[in-house]
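The values are calculated or read from the model by the stated rules, or taken from the named source; none is laboratory data. Remember, it's a predicted structure, so these values are computed and weren't measured experimentally. For neighbour counting, all protein chains shown are included, and Cβ atoms are generated from backbone atoms with ideal geometry for every residue, glycine included.
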Amino acid sequence: MTEYIAKRLLQALLVLAVMTVLVFFGVNVIGNPVYIFASSECDQPCLDKIITDLGLDRPIWEQYWVFVGNLLQGDLGNSFTHGVPAMSLIWERLPATLELAVCALVIALAVGLPLGVAAGLRPTHWTSRIIMGFSMLAFSVPVFWIGLIMIIVFSVTLGWMPAVGRGDTVEILGVDLSLFTLDGLHHLAMPAFTLSLIMMAMVIRLTRAGMREVLFSDYIRFARANGIRESRILSLHVMRNILIPIVTVLGMEFGGVIAFAVVVESIFSWPGVGKMLIDAIAVLDRPLIVAYLIFVVIMFVALNLLTDILYSVLDPRVRLGGAR
Amino acid sequence: MSAPVVLEVENLNTSFLLPSGEVKALRDVSFQLRRGEILGLVGESGSGKSITGLSINGLLSPPGRVMSGSIRLHGEEITGLPHAAMRRLRGAKIAMVFQDPMMTLNPVLRIGVQMGDALRAHLRISERECRARSVAALEEVGIPAPEDRLNAFPHQLSGGMRQRVAVAIALLHRPDLVIMDEPTTALDVTIQGQILALVQKLCRERGTALIWITHDLAVVAGLAERILVMYAGRIVEDGAIDDVLDTPAHPYTSGLIDSVPSRAQRGQRLRQIPGRMPALTDLPEGCAFRPRCGFATEACAAPQALRALGGLGGRHVRCCHPLIPVPS
Amino acid sequence: MSGAMAHAAPPPGVWRAFLRSPAAVAALAVFSAFCVVAVIGPWIAPQNPYDLAQVDIMDSLLPPGSESWTGMPYYLGTDGQGRDMLSAMIYGIRISLLVGLASGIIALAVGTIVGLVAAYRGGWVDTVLMRIVDLQLSFPTILVALILLVILGRGVDKIIFALVVVQWAYFARTVRGVALVESAREYVDAARGLRLGALRILFGHILPNCLPTMLVVATMQMAAAISLEATLSFLGLGLPPTRPSLGLLIANGFDYLQSGRYWISVLPGLVLLAIIVSANVLGDRLRDTLNPHL
Ligand SMILES: Nc1ncnc2c1ncn2[C@@H]1O[C@H](COP(=O)(O)OP(=O)(O)O)[C@@H](O)[C@H]1O
Ligand SMILES: [Mg+2]
């Protein structure tokens with residue numbers, strides 16, 4: 001088990017190294033780093049100063065080491081518009097994004113699992129066809145379009161839901177959260193649901209496919225032959241098998257959810273890191289943009305690592321090194 | 001001979017209603033089983049052996065359905081019982097073990113959890129009691145260090161051990177009837193022999209009636225008292241095991257016997273029955289084995305009844321010109 | 001040789017099987033219609049919405065069914081700059097389909113070459129190429145596209161490049177898988193026996209047999225690419241305002257949503273939806289009838 005985790009950790013570090021190289025060279029070779037780190041009002045002396053400050057007159061491999069060195073210290077430069085370290089801005093905005101993403105995940109599971117189970121239990125029934133059609137739509141329709149329709153229907157036409165912002169928050173363990181105020185929940189509902197749809201579609205498909213496979217397995221037949229109640233068979237014997245691939249996929253997709261949060265946050269003006277990125281792009285606050293990219297890459301690699309470990313904890317065959 | 005009857009199956013017809021037509025998996029299957037009796041159910045793959053077992057314990061999955069006929073346990077009709085009542089029978093009165101030991105146990109649940117669920121399906125007992133009973137059951141099937149095994153996952157045990165665990169689970173509630181569907185087919189010969197001996201011993205001790213399903217005549221030869229030969233969903237011959245194996249009455253039974261390795265002459269090639277079993281959708285009237293049979297005549301095209309042969313075993317054959325004389 | 005070609009032809013009845021699904025036929029009709037509109041767009045659009053001489057700012061924000069003061073009808077209304085929505089949408093369809101198709105074809109070409117090379121050479125070439133594919137696929141497409149466009153900036157060429165980068169790996173993996181199966185078949189051995197060159201085997205024998213699978217993947221990928229382009233343009237990252245795709249039109253209308261001027265956003269949104277859903281239904285049906293093991 002520890003050997004497995006160590007191996008995974010090493011792989012993750014390798015991917016991270018590759019990604020920093022890619023971002024670094026993307027910034028330095030494809031784009032012009034001076035423009036990425038300079039504000040738009042910067043004149044020639046200012047540019048020269050930035051060039052020496054950034055060490056752009058030095059060889060490229062040396063520049064890379066400086067970049068990595070700063071990165072390791074969590075130093076990704078100052079935001080132009082806010083005048084504070086980019087990293088601290090990200091930490092400040094992160095709870096809102098995580099809150100949104102976690103709520104979306106919970107909604108996706110809470111709705112997707114039962115629907116997937118229903119579709120798996122009676123695959124030819126008309127309800128199953130509707131469920132699968134819904135999952136196909138949720139999967140292919142662009143997220144921003146759904147958000148738009150939700151705003152038109154629930155905010156503009158019906159006036160039930162607020163279309164903008166986070167609402168009241170309360171501080172819990174030093175973090176501001178909307179989840180625990182009525183007004184906050186009211187604001188959270190639409191963006192979280194919109195963000196959850198892609199994952200929901202995925203959960204439905206995976207659950208249904210898993211049900212079709214597991215329900216007809218010999219071990220479920222054996223469990224039935226032993227007179228175990230159907231509810232118990234479903235909730236433990238079947239579910240435990242299905243949850244393994246679902247948890248894995250969701251864990252890997254969580255990074256995607258954070259990325260898609262950019263779309264949802266900008267539609268619903270949700271003050272998270274995604275909205276921050278779009279605002280930063282609009283005013284060309286380049287250090288903030290680079291900081292966001294590096295941050296997301298790190299988070300994504302860490303998530304993949306966590307998922308692998310979680311998967312191995314869930315599946316005894318992997319955990320104990322047996323044959324699959 | 002006078003032991004009470006546990007199971008009576010009468011004119012059982014089971015079909016799969018597919019869009020392409022009705023697959024008649026079982027047709028007019030009838031037999032009886034007494035307390036402590038061991039019955040071998042043999043036939044080629046696809047002849048309907050597993051479906052017979054599943055029909056009895058009510059685990060046919062749609063589109064499979066018992067169309068008609070009667071299944072009685074201790075004289076009480078169990079076809080058409082409500083789901084809840086049927087569930088209370090399964091595991092408690094009728095148990096079943098399946099072929100592949102790799103797949104009979106849930107790969108992601110500990111052995112102890114699986115045994116505990118099987119126990120609590122019919123009993124309200126404490127965690128402690130549950131564990132004690134599980135350990136005892138594992139001990140009975142000869143599993144070393146049963147305490148530790150309860151915390152193991154199936155993949156940590158060998159194939160033979162897994163099938164022992166499955167047997168232990170099936171016998172947890174001392175059922176009156178156990179159906180073993182080719183439980184040793186996937187195991188190697190020595191392990192197969194051990195499991196065979198174990199099941200035989202446990203059933204003898206407890207007076208459990210046993211249906212042992214196999215396509216391998218050699219396995220039933222040393223185990224069963226009576227044998228039932230199936231072909232294309234029908235019983236073609238039944239009787240006491242020694243009578244049937246020594247003097248088979250149906251050409252199909254004879255063909256099966258000739259294809260058993262140990263019975264063939266040394267150096268001689270095994271004689272496989274030529275041809276394949278027909279599809280079960282539009283079977284003609286008459287003997288389904290006719291196209292493959294060396295003895296077939298015009299008469300075989302007529303519907304065949306199960307005819308009684310003489311002798312103590314209560315032998316029957318479904319053939320119009322059996323290989324041994326029929327008393328008129 | 002003729003045997004190999006017979007293999008490459010689609011199995012008989014595929015077309016008939018495809019037509020048996022009413023949904024698929026409808027999807028095909030809808031999608032073809034949009035393609036036709038995209039091609040002949042400039043000749044059928046009432047105005048060129050990006051020719052400032054033809055656009056009158058006084059006519060901005062008119063609801064569907066209005067008329068300009070010259071009496072020209074605005075069937076679908078006008079946007080914030082007074083552009084005719086119908087014309088803007090026709091041009092938008094053009095650009096969206098162009099971007100989707102161009103990126104799809106380039107990604108298909110790149111992915112096919114990589115996949116074939118990996119399958120055919122095997123060994124370390126295969127290992128290295130597939131590692132790269134795995135790494136690429138482990139990142140969400142939107143994240144990769146976002147990073148690229150932030151670095152590269154806006155532009156038709158840039159969004160096509162970004163879409164190629166996020167798509168090629170799917171094709172490479174699929175083609176490699178199919179090619180491995182196909183090259184294991186004996187007719188390729190037979191072709192080798194005839195001493196055909198490696199390239200002839202690849203392109204004459206293996207490639208034709210990958211086509212059905214690639215068609216399915218390409219259809220699905222194109223839908224995904226159009227959707228992704230629209231999303232990026234909506235965020236202001238994809239296409240420049242001078243070449244407004246459907247996504248950008250929707251974004252422009254988004255500002256007017258709160259004031260109830262729904263048509264500027266919703267109409268291009270419906271068109272986008274129709275394109276994406278019809279392409280997905282087509283892909284689904286193609287997969288079912290061609291039955292490549294995906
Ligand atoms: N799910 C099913 N759908 C259709 N037909 C089936 C199904 N399961 C079994 N059958 C039919 O029932 C016949 C008997 O199957 P089975 O009892 O499993 O054979 P075996 O004697 O090998 O155990 C098969 O030949 C097949 O035609
Ligand atoms: Mg069977």
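Residues checked against (1) crowded, with 19+ Cβ neighbours inside 10 Å; (2) among the small types (Gly, Ala, Ser); (3) in a loop (DSSP other than H, G, I, E, B):
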| residue | (1), (2), (3) |
| --- | --- |
| B:32 | no, no, no |
| B:39 | yes, no, no |
| B:47 | yes, yes, yes |
| B:58 | yes, yes, yes |
| B:79 | no, no, yes |
| B:103 | no, no, no |
| B:114 | yes, no, no |
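Can you name the condition, by its number, that residue A:195 falls short on among (1) assigned to a helix (DSSP H, G or I); (2) more than 13 Å from chain C (Cβ to nearest Cβ)?
(2)
Restricting attention to the stretch B:173-195, and to residues there that are within 16 Å of ligand 1 (Cβ to nearest atom) and part of a strand (DSSP E or B), which single residue is surrounded by the fewest Cβ atoms within 10 Å (Cβ to Cβ)?
Among those residues, the one meeting the criterion is B:181.
Suppose we filter B:60, B:54, B:73, B:39 for residues that are more than 9 Å from ligand 1 (Cβ to nearest atom), under 22 Å from residue B:232 (Cβ atoms) and either modelled with pLDDT under 90 or not hydroxyl-bearing (Ser, Thr, Tyr) (or both); which single one remains?
B:39
So which residues in the stretch C:253-267 are more than 10 Å from chain A (Cβ to nearest Cβ) and at pLDDT 80 or above?
Listed by number, the list holds a single entry, C:267.
Which helices (runs of 4 or more DSSP H) sit wholly inside the stretch C:73-175 and have at least 2 residues that are within 24 Å of residue C:271 (Cβ to Cβ)?
Because the criterion is at least 2 residues that are within 24 Å of residue C:271 (Cβ to Cβ), the helices (runs of 4 or more DSSP H) in the stretch C:73-175 that meet it are C:85-121, C:141-152.
Checking residue A:135 against (1) surrounded by 20 or more Cβ atoms within 10 Å (Cβ to Cβ); (2) assigned to a loop (DSSP other than H, G, I, E, B); (3) hydroxyl-bearing (Ser, Thr, Tyr), only one condition comes out false. Which one?
It is condition (2) that residue A:135 fails.
List every residue pair whose Cβ atoms lie under 9 Å apart, where the two residues are 6 or more positions apart in sequence or sit on different chains, the first residue falls within the stretch B:100-118 and is within 15 Å of residue A:315 (Cα to Cα) and at the interface with chain A (Cβ under 8 Å from one of its Cβ atoms), and the second residue, located anywhere, is buried (at least 24 other Cβ atoms within 10 Å of the Cβ) and of a type in the set (S, T, N, Q).
B:105/B:114; B:106/B:114
Do we find a residue being assigned to a helix (DSSP H, G or I) and within 16 Å of ligand 1 (Cβ to nearest atom) anywhere in the stretch B:121-143?
no
Here's the yes/no breakdown for (1) within 13 Å of ligand 2 (Cβ to nearest atom); (2) at pLDDT 90 or above; (3) under 22 Å from residue B:226 (Cβ atoms):
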{"position": "B:87", "(1), (2), (3)": "no, yes, no"}
{"position": "B:93", "(1), (2), (3)": "no, yes, yes"}
{"position": "B:107", "(1), (2), (3)": "no, no, no"}
{"position": "B:114", "(1), (2), (3)": "no, yes, no"}
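Give me a count of the residues in the stretch B:198-239 that are touching a strand residue (DSSP E or B) at 6+ places or on another chain (Cβ under 6 Å), among the charged types (D, E, K, R) and either free of Cβ contacts under 8 Å to residues at least 24 places away in the same chain or closer than 17 Å to residue B:46 by Cβ (or both).
Here the count works out to 1.
Determine which single condition residue B:201 fails, assuming it passes every other condition in (1) closer than 24 Å to residue B:107 by Cβ; (2) more than 14 Å from chain A (Cβ to nearest Cβ).
All conditions are met except number (1).
Of all residues in the stretch C:105-142, which are aromatic (Phe, Trp, Tyr) and buried (at least 17 other Cβ atoms within 10 Å of the Cβ)?
The answer is C:120, C:139.
Pairs needed: first member in the stretch B:172-187, more than 17 Å from residue B:86 (Cα to Cα); second member anywhere, within 12 Å of ligand 1 (Cβ to nearest atom) and β-branched (Val, Ile, Thr); C-beta distance under 6 Å; at least 6 residues apart or different chains.
As it stands, the answer is B:181/B:213; B:182/B:213; B:182/B:214, since those pairs meet every condition given.
So for the stretch B:77-87 (the condition being more than 11 Å from chain A (Cβ to nearest Cβ), in contact with a Gly (Cβ under 8 Å, 6 or more places away or on another chain), within 16 Å of ligand 1 (Cβ to nearest atom) and of a type in the set (A, V, I, L, M)), does at least one residue qualify?
no
Given the residues A:233, A:258, A:244, which is the only one that is in a helix (DSSP H, G or I) and facing chain B (nearest Cβ under 8 Å)?
None of the other options fit; the residue is A:244.
From A:277, A:284, grab the single residue that is in contact with a helix residue (DSSP H, G or I) (Cβ under 9 Å, 6 or more places away or on another chain), within 11 Å of another protein chain (Cβ to nearest Cβ), among the hydrophobic types (A, V, I, L, M, F, W, C) and outside any helix (DSSP H, G or I).
A:284
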